[in-house]
1. THR482 accessible area, nearest 10 Å², 1.4 Å probe?
2. In the neighborhood of VAL120, defined by Cβ-to-Cβ distances under 12 Å, what is the net charge if each Lys or Arg adds +1 and each Asp or Glu adds -1?
3. Expressed as a whole number of Å, what is the distance separating the alpha-carbon centroids of the stretch 213-254 and the stretch 425-456?
4. Where a ≥ b ≥ c are the square roots of the eigenvalues of the C-alpha gyration tensor, would you call the stretch 431-526 rounded, which needs a/c under 1.5, or, failing that, prolate if a/b is larger than b/c, or oblate?
5. Relative contact order for the chain: what percent, with Cα pairs under 8 Å and sequence separation of 6 or more?
6. State in Å² the accessible area per residue of the stretch 489-606; use a 1.4 Å probe, count heavy atoms of protein chains only, and round to the nearest integer.
7. Which longest run of the chain has no exposed loop site in it, a site being GluC sites (Glu not before Pro) in a DSSP loop with at most 10 other beta carbons within 10 Å, and the site itself not part of the run?
8. If you place +1 on the Cβ of every Lys and Arg, -1 on the Cβ of every Asp and Glu, and leave all else neutral, what size is the dipole of the stretch 296-410 about its Cα centre, to the nearest 20 Debye?
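The values are calculated or read from the model by the stated rules, or taken from the named source; none is laboratory data. Note that the coordinates shown come from a computational prediction; the quantities given were computed from them, not determined experimentally. A quick note on method: Cβ atoms are made from the backbone with ideal geometry, for glycine too, and the neighbour counts reach across all protein chains shown. Ligands, DNA and RNA are excluded from the accessible area calculation, which covers all protein heavy atoms including side chains. Shrake-Rupley method; radii C 1.70, N 1.55, O 1.52, S 1.80 Å.
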Amino acid sequence: MRPTISRRNFIKVSAISGGGMLMSFSFLNTNPSEEQITENLFSPNSYISLNSDGKVVIMAPNPEIGQGVKTSLPMIIAEELGVDWQDVKVEFAPLKDEFGRQRAGGSGSIRGRFEELRIVGATAREMLTIAAAQTWGVPISECHAENGIVKHKSTGKTLGYGELATKATKVEVPSSPKLKDPKDFKIIGSRVNDVDASKIASGLPLFGIDTRREGMLFAMVSRSPAYGKTLKSVNDSDALEVNGVKKVIKLENSVAVLATSTWAAKKGRDALKIEWEAAEKLENTVEHFDSFKEMVMDANIEPVRNDGDFEATKSIASKVLDVTYEIHTLSHGQMEPLNFFADVKENEVELFGPTQVPDSLRKQVSEKLGISEEAIKVAMPRQGGGFGRKLMTDNGVEAALISAAAKSPVQVQWTREDDMQNDFYRPAEMYRYQATLSEDGLLGWYQSGVGIGRGARGNSYVAGALDNYRCIGQGFESNTPTGWWRAPGACTLAYVAESFMDEVCIELKKDPIDFRLALFNQAKMTPIGRLSYDPDKYKGVVELVAKMSNWGNTPKGLFRGMSTWYSFGSYAAEVVDIELVNGKPRVVKVYCAVNCGRVINRSGAENQVQGAIVDGICHAMFPKVTFVDGAVAETNFHTYKFLRMKDAPLEIEVDFVTSDEAPTGLGEPALPPVAAALANAIFAATGKRIRKMPFSEQLG
């Protein structure tokens, strides 16, 4: 449903010094009280501010974790406002209710805010246009706003936005501003550089770790070295002797050392004498997979989806494929190690650091400290990656507790090793697949999955296209914490399902693209049960990637595999070309076709897709987390291997299905298909089916 703005949920702020206009909107509270309106009349927070010289400041409301929303969200406002992008300055918005959903996760920033931010810009444009019409005494229909200027069509008179700003604040807020015809878009769909690009390249302070305040102490924390262990005792006498160490604070199950520098805090932490004791079962990766093997073979589990009668198809099948796939635990490994600044005073809190959910952090800190949310300020710096790790707020809450105990502003810095041992991991999983085959067709599909903390999901496109489909899933209880990892669920399910789909195609001697297109046609013409996808959109990306890659004409010396997947409202299809170098696969080129609705920033969108593909290849090929007696064996990048430049694709070609529909997710959808496309290419090159992650361990 299209959001609307009324007088009650549009909050107009008074003219700024020197002539100008500030505006802010509340979409969360659709019925604010008169007191709230009055209170917000002088709120310093707003989306748009116009200076008298016509320059525009637009606030970027959502956390920037490298997905480009600090640029793309203001582009939507600027488009409807009708200004030249070169006249726009972008700043981060603070956490405020009037800025709506200020989160980064689920590829939801743009798809959740597109219409809302269009109205923000269009309302301001219409008020400025009305102000111009009133100035000239002409009907508003005779006026047109563009590039920061309102023009009277018949006389050619013009007024700049800066000249109109003060008068526009007195204009009645339009209840239903007219949005631009998309054919007139100038900014949306163009290529715009990241607004922080020059600052990043020149090393200017943008990140939480750059925070410096008078009297601030630096903290490092000793946390449990293994899941299942708790703090028994601590002797801090040696730590307090370290030059620069000021305090040692014991928390619930950790110990913080505060010092005048990060290095002193680390040396102090190293000097602590701590005893940890086992209080719960200490997890072990080998035991996890031993349990998975038993669980995944149990077919007597209530299915999450059961169309037709899969078991009955076995009696008429000419062959039954029956295989298992294994996926190891992964850490997030975001480039920026966790950190957070906190300054807790008696009735006031200031927080500054990397988080994807600042509102959740504020709520939790409020509950922990007994301080109202209104007294807690959360500012959002640029973040060096998130990938779902920063959907958890432990780092921010921890910093607030330490600051409160120390009665000092404090910056808590994590090391890479701290990150690796204290993550919320992508859980290990195992899948068993069965397919019943006739001489020339697929009769039935069986999927059984087990994973730490969660079970299998049933959203493969086979469900809905096949008469006989059965899916079961089981969760394995463990002390290891799990959480969201880029494209959660889809990132592993796409690998196993699309690899198995390739196995089916090989057995049936079917072209993998033709076979998938036939399934989509079947789902469209005779859908079975609930369809969770649009078959035409699926077909669209598969057909586009086939055209891009000249499918059917593999270049000499190359081997290719393909895959497709749907997630976060978007569709992606990919073809991976590899060559063999000394018997080892090297990715030469990846083709990717995406349907994500309307593209906002073409440069940023391509960057999102390319980054997801590189990320997907990396995590398919190299890293894994293993637990030994509750501790993580891979403590840093020397053992938790990431993709090096020499392993990266030489080329990634991206294209988007032209669409007039509202944007859908893009930060994650290009990642899920690439692991299967790579595995299928490896099979084409070597005849070896890769049924375990990481691939590198299967390739010798």
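1. Approximately 50 Å² for this residue.
2. -3
3. What the calculation gives is 46 Å, centre to centre.
4. The shape class here is prolate.
5. With pairs under 8 Å counted, the relative contact order is 13 percent.
6. With all protein chains present, the stretch 489-606 gives 36 Å² per residue.
7. Longest run free of exposed loop sites: 478-700.
8. It comes to approximately 380 debye.
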